1. Treat the count of other C-beta atoms within 10 Å as a stand-in for reagent exposure and order Phe153, Phe276, Phe205 from fewest to most.
2. Alpha carbon centre of the range 358-419 versus the range 292-350: separation in Å?
3. At Lys372 and Val420, where each label point lies 7 Å from the Cα along Cα→Cβ, what is the point-to-point distance in nanometres?
4. Listed highest first by mean packing, meaning other Cβ atoms within 10 Å per residue, what order do 332-339, 180-187 come in?
5. Compute the angle between helix 383-401 and the longest alpha-carbon principal axis of the chain, please, reported from 0 to 90 degrees and rounded to the nearest 10.
6. Share of antiparallel DSSP beta bridges in the chain, in percent to the nearest 5?
7. Cα convex hull of the range 402-505: mean projected area in nm², to one decimal?
8. Residues with amide H under 5 Å of Ile361's amide H, sequence separation 5 or more or different chain, H placed in the peptide plane at 1.01 Å from N; which?
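Coordinate-derived values only; no laboratory data. Quick caveat, the model's predicted, so the values are computed rather than measured. Cβ atoms come from the backbone with ideal geometry, glycine included; neighbour counts cover every protein chain shown.
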Amino acid sequence: MILRILERTAEKTDSGANGALVFMNKIEKGTERVSSGVEGIDKVTEGGFPSGSLILLAGNAGTGKTVLSSKFLFKGAESGGTGMYVSFAESKETYTHNITQHLGDQNRVYLDNGKVEYLDLMTVRDQGTALVLETILTEAKRLNVKRLVIDSFSAMAQGFKDPIDGRIVLHSILGKIVRNQGCTTLLISEIPRGEQRIGIGYEEFVVDGEILLTMGEHEGRFIRELEILKMRGTRLGERRLIFTLESGFIAVPESRDRVEKVDSRFSPPSDSPDKFSTGIYELDRLLDDGYSRGSLVLLEIDANIRENQNTLFITPTRTAFLSRGRGSVTIPSSGVTYDTISNRMLSGGFSEEELNRLVKICLFESSYAPDKPFIVKLNGENLKEDSEIFFKTSEKLSKETRQPVLSIVGLNNLLAHYEVEDVVRMWNFAAPIFKERGDLGLIILKPTDYKGLSSVLSSLVDVHLRMTRRHGTLLLHGVKPRIGLQIVQLDPSRGYFIPSLTAIT
């Protein structure tokens, strides 16, 4: 019966080896692309999936296969094309309810106006494979479908009496007839938990592309990962991406953000009565309005974080203070020069007068320390004396501005001059000073040879944040308080660059 359906359909198509060869040549030349509906995936696949290709989308239950395939269909409908979602798993009503929870109610219009046809085959899948195939082929041809999703091939294959029927479907119907209609197809495959095999076992040898969605852990936090195992005729920028189902389906390629020249002066979020804004809207929300007045904050930086990235959570806090006429005293981290900090402030819309009045940068005598109003010199030989210079500079700024002061200390720079025990003792002594003055202290910790230092410092501070990278994507999470993984990107929408955080959900 399956073969008779194929023969009847093939009479009206250019099927067979010749048609397949023509399609393969198009893929190799990379002449046409179809957007996946997800910008991050399009970025690493030269613009999307090859037009008319067959893509296997695999993963355990709950990994986001339905959301990604729906984004793919809605993107086509947005451009005026027609798509079809074939389901063996749920009714249209259930699908519509679930998908609007992820992608918003605005996409319902595509289901209502027929731009995305929903074909519910739950009740007919047990009535024979031939009827199922006949229904799919007839509807796809009638609607001139250009984007097709079959959810799932695993469920569809349960109706095959003979395993060879599955190969016939893939090779002849989806592999040739759908291609000749110019229909790009996503074939969803369910992976039972605990199993490694993708699909029934032969799909991956037939399809043009293969995407695997997984859920796991990174440093004890929930994470989602996407791996492009195969994409024929495509020079892949990256194969693994971090993604989230927060606000739909967002996949993030390697972070290559550079802070360019800003168009306007930084305007920070408002302070609450007992909190300082972090300068980052989403981080303020995660910390219940920001950093508490009189608190210490530890920002731990992983080894693979670039220098221009580890300042992403320092600069907004400093500029938030300066924007309100408050002062800032800094002992830079190793590798950060005084002119890096001053240039960042000047390019952020602050004047040289504000820089000289509100910013103090403490440099050791052993490093180059020019004679500038904002430079304070430390001897680098006596920690007690240097601590007194640092805190007196902060106290003087507080009196001059009549405002709290932000202290930023690159701990690795201190450890290059003093013993670790002395440095820890200094912070034990400093914590009550910050609390009494109502100031804010920000400690920057890069990787060191001192094991356990992070845990020791974490016990002293009020907030402990950690920046890491995975598959090139910049991530932030909270150790204290406990905060799940956040994807970090740069947002230029306000006329200046500021980190935006998206939770991995």
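1. Lowest to highest Cβ neighbour count: Phe205, Phe153, Phe276.
2. 14 Å
3. Placing both labels 7 Å along Cα→Cβ, they lie 3.3 nm apart.
4. Highest mean packing first, the order is 180-187, 332-339.
5. Tilt of helix 383-401: around 80 degrees.
6. 40 percent
7. One quarter of the hull surface, i.e. the mean projection, equals 9.3 nm².
8. Thr330, Ile375, Val376
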